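Right, one structure below, let's go through it.
The values are calculated or read from the model by the stated rules, or taken from the named source; none is laboratory data. Since the model is a prediction, treat every value here as computed from it, not as a measurement. So basically every Cβ, Gly included, is an ideal-geometry build from the backbone, and we count neighbours across all protein chains shown. These accessible areas exclude ligands, DNA and RNA; they are computed on the full protein's heavy atoms, side chains included. Shrake-Rupley method; radii C 1.70, N 1.55, O 1.52, S 1.80 Å.
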Amino acid sequence: MSLYRTRGIVLRTTRLGEADRIVNLVTEDRGKVRAVVKGVRRTASRWGGRMEPLMHVSLMAWNGRELDTVTQAEVVEVFKCVREDLNRMAKAAVMAEVVDRLCHDQSDDPAPYRMLRGALASLDSADSPAIVGAFLWKLLAQEGAAPVLEICAGCGGEGPLRYFDPAAGGATCGSCRGGRPLSPGAADAIAGVLGGRLNSVLRECDSRTASEMERLAAAAMEHHLERRLWSLGVLER
Amino acid sequence: MSYTPVVQKLIDELGRMPGIGPKSAQRIAFWILRSERVDVERLASSITEAKNKTSFCRVCFDIAEGDLCPTCEDTRRDTGVLCVVEDPRDVVAVERSGSFKGRYHVLHGAISPIDGIGPDRLRIKELLARIDPESVTEVILCTNPNLEGEATAMYIGRLLAPLGVKATRLASGLPVGGDLEYADELTLGRAMEGRISLG
């Protein structure tokens with residue numbers, strides 16, 4: 001067993017025994033870490049709210065065979081506005097769930113941590129309707145699953161491209177016609193997110209286009225993960 | 001070498017309980033085998049009796065030994081104030097404080113987006129249906145002070161606002177007997193926001 005220090009964002013927590021929790025964190029230099037936090041559920045626990053989901057913490061932990069054990073943690077960022085607004089919290093939950101599913105143990109790739117940190121900071125400062133869609137598309141691109149948007153992903157033709165087919169890996173033309181309808185606005189927003197215009201999309205995207213971009217991103221992500229995203233639209237149920 | 005089928009079955013059944021791993025299941029099974037017959041029969045009959053005689057109260061969904069739980073049956077309790085909790089065990093915790101004389105509503109869980117638990121899985125519709133008939137004037141949202149509990153409280157608060165009912169949340173802050181230097185930023189921030197005047 002060895003002691004290590006890292007920074008991470010708490011993705012989810014699961015109850016363990018009488019008063020403990022297992023926390024899943026995405027970290028700066030160790031990929032996804034699953035660690036036990038002892039006594040965290042007691043009201044007078046020294047952990048307080050430090051190991052709550054969506055907390056950005058600096059921590060010290062023992063390396064274990066299956067689960068690590070957190071020994072100390074300090075808060076780096078609270079993301080207060082995300083915690084105090086139900087809609088922002090629901091958006092953050094989708095982003096945390098996706099990172100939890102995608103991220104691997106012992107990976108030294110800092111990208112998922114940095115992207116989630118950036119997305120939570122952005123959501124904390126302004127509730128853009130495009131944030132979840134943009135985050136999912138950026139994460140898919142990072143995973144090597146960026147969509148084909150310039151030519152038809154089915155036949156390679158030039159279009160017009162009016163559909164989006166997650167199984168084909170991008171936009172499709174009228175003759176291939178797979179998947180869901182794709183509006184020119186949503187196609188432009190996705191291209192903008194992936195082509196270096198992220199900030200302007202987050203600022204300017206209207207809620208209708210943002211919601212279409214999010215639906216398509218969710219479909220592509222569910223296809224990539226081969227499972228449903230539980231947290232999507234959970235408050236509308 | 002393995003256990004006899006009957007002992008193995010007992011270990012397997014005990015191992016299905018929450019927080020009981022294979023080793024704990026073996027330890028409990030051997031404690032049962034070594035115990036007096038009368039003690040084991042008392043344990044077995046307590047389990048079946050508890051299961052047969054209890055159900056959920058039809059009003060508040062707390063554990064009840066009949067149609068209504070003792071709190072809903074008690075006519076001396078204030079019907080105008082409802083305390084909303086996640087779990088029947090929370091009712092016992094609030095009752096122990098001795099500072100609440102109203103009635104309860106048990107949600108049986110909390111909204112947890114990441115686990116796919118939405119409002120449809122909780123007893124929220126039943127809570128809203130109690131507001132008018134029971135002339136409720138205040139709903140105390142007594143969910144756990146964690147992300148899921150906060151989300152549930154915010155969601156219910158949003159539903160109660162148009163009904164003209166006062167929705168309140170338990171205060172959160174520093175635990176009695178703790179040192180300030182160990183408090184985390186979130187807890188200390190809330191304690192600061194909820195400070196009280198001494199004058």
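How far apart, in nanometres, would the label points at A:A111 and B:T79 be if each is projected 7 angstrom from Cα along the Cα-to-Cβ direction?
6.2 nm
Output the Cα-based Rg and Dmax of the range A:1-127 in Å, rounding Rg to one decimal and Dmax to a whole number.
Expressed in Å, the Cα Rg and Dmax of the range A:1-127 come to 13.8, 42.
Mind pulling the per residue volume of the convex hull built on the Cα atoms of chain A? Å³ is fine.
On the way: hull volume 31.0 nm³, N = 237.
Per residue, the Cα convex hull of chain A comes to 131 Å³.
Note the buried accessible area between B and A here, summed over both chains, with a 1.4 Å probe, in Å² to the nearest 100.
Values: alone 13850 and 12180 Å², together 23590 Å².
The B and A chains share an interface burying roughly 2400 Å².
Between A:S175 and B:K125, what is the FRET efficiency for a Förster distance of 51 Å, r being their Cβ-Cβ separation, to the nearest 0.05? Mind showing how you got there, number by number?
Working: r = 48 Å, r/R0 = 0.93.
Here the calculated transfer efficiency is 0.60.
Count charges around B:R123 for me, please; just the other residues with Cβ under 12 Å from its Cβ, Lys/Arg as +1, Asp/Glu as -1.
Numbers: positive: B:R58, B:R121, B:K125, B:R130; negative: B:D62, B:E86, B:D87, B:D120, B:E126.
So the environment of B:R123 carries a net charge of -1.
Between B:L163 and B:V40, what is the spin-label point distance in nm, taking each point 7 Å from the Cα along the Cα→C-beta axis?
Output for this residue pair reads 5.1 nm.
Which percent of the accessible area of the range B:5-53 is formed by carbon and sulfur heavy atoms (probe 1.4 angstrom)?
60 percent
For the protein assembly as shown, divide the Cα radius of gyration by the Kirkwood radius and give the resulting Rg/Rh value with two decimals. Spell out each step's value before the answer.
Details: Rg = 25.5 Å, Rh = 24.9 Å.
Value, to two decimals: 1.03.
What's the angle, to the nearest 10 degrees (0 to 90), between helix A:131-142's Cα axis and the longest principal axis of chain A?
It is inclined by approximately 90 degrees.
Per residue, what volume in Å³ does the Cα convex hull of the range A:131-237 take up? If you can, show how the numbers build up before the last one.
Numbers: hull volume 10.8 nm³, N = 107.
Enclosed volume per residue, from the Cα hull, is 100 Å³.
With the Cα gyration tensor of the range B:76-169 giving a ≥ b ≥ c as the square roots of its eigenvalues, does the rule (a/c under 1.5 for rounded; else a/b larger than b/c for prolate; else oblate) give rounded, prolate or oblate? Walk me through the intermediate numbers first.
Working: a/c = 1.87, a/b = 1.24, b/c = 1.51.
It comes out oblate by the Cα gyration axes.
Of all trypsin sites (Lys or Arg not before Pro) in the range A:56-118, which ones are in loop regions per DSSP and have a Cβ with at most 11 other Cβ atoms within 10 Å? Walk me through the numbers before you get to the answer.
On the way: sites: A:R65, A:K80, A:R83, A:R88, A:K91, A:R101, A:R114, A:R117; in loops: A:R65.
Of the trypsin sites (Lys or Arg not before Pro), the ones in loops of the range A:56-118 whose Cβ has at most 11 other Cβ atoms within 10 Å are A:R65.
Give me the distance between the Cα centres of the range A:115-155 and the range B:125-197, rounded to whole Å.
Taking the Cα centre of each part, the range A:115-155 and the range B:125-197 sit 34 Å apart.
Across chain B, where is the longest run that never hits trypsin sites (Lys or Arg not before Pro) in a DSSP loop with at most 12 other C-beta atoms within 10 Å?
Working: sites that count: B:R16, B:R76, B:K101, B:R195.
So the longest stretch without any such site is B:102-194.
What lysines does A:K80 reach when the alpha-carbon gap must be under 19 Å and sequence neighbours fewer than 8 apart in one chain are set aside?
A:K91
What is the helix-to-structure angle for A:111-125, meaning the angle in degrees between its Cα long axis and the longest Cα principal axis of chain A, kept from 0 to 90 and rounded to the nearest 10?
90 degrees
Give the percent of DSSP beta bridges with both residues in the protein assembly as shown that are antiparallel, rounded to the nearest 5. It would help to have the intermediate numbers written out before the result.
Details: 38 of 54 bridges.
The answer is about 70 percent antiparallel.
List, largest first, the extents of the alpha carbons of chain B along their principal axes, each in whole Å.
On the principal axes, chain B reaches 70, 47, 36 Å in Cα extent.
In debye, nearest 20, what is the charge dipole magnitude of the range B:76-169 about its Cα centre with +1 on Lys and Arg Cβ and -1 on Asp and Glu Cβ, if you could check? Walk me through the numbers on the way to the answer.
Numbers: 13 positive and 13 negative charges, 63 e Å.
I would put it at about 300 debye.
Among A:A90, A:A19, A:A210, whose mean-square fluctuation peaks in a Gaussian network model of chain A (Cα, cutoff 10 Å)?
A:A19
Given a cut-off of under 8 Å on Cα pairs at least six residues apart, what relative contact order in percent is computed for chain A?
Working: 450 pairs, mean separation 38.1, N = 237.
Dividing the mean separation by the residue count of chain A yields 16 percent.
Decide, for the range B:5-53, between rounded, prolate and oblate: order the square roots of the alpha carbon gyration tensor eigenvalues as a ≥ b ≥ c, take rounded if a/c falls under 1.5, and otherwise choose prolate if a/b is larger than b/c, else oblate. Before the final figure, lay out the partial values.
On the way: a/c = 2.06, a/b = 1.28, b/c = 1.61.
Since a/c reaches 1.5 but b/c is at least a/b, the shape of the range B:5-53 is classed as oblate.
For a quick check: with amide H placed at 1.01 Å from N, whose amide H comes under 5 Å from A:G31's, ignoring anything fewer than 5 positions away on the same chain?
Under 5 Å from the amide H of A:G31 lie the amide H atoms of A:S107, A:D109, each far enough along the sequence or on another chain.
Of B:K101/B:K166; B:K125/B:K166; B:K9/B:K51; A:K38/B:K23; B:K9/B:K53, which pairs sit farther than 23 Å apart, going by alpha carbon to alpha carbon?
Numbers: B:K101/B:K166 17 Å; B:K125/B:K166 18 Å; B:K9/B:K51 21 Å; A:K38/B:K23 20 Å; B:K9/B:K53 26 Å.
Table pairs above 23 Å Cα-Cα are B:K9/B:K53.
If you average over every viewing direction, what projected area does the convex hull of the Cα atoms of the range B:31-128 give, in nm²? Provide the component values of the computation, followed by the final result.
Details: hull surface 37.5 nm².
The number I arrive at for the range B:31-128 is 9.4 nm².
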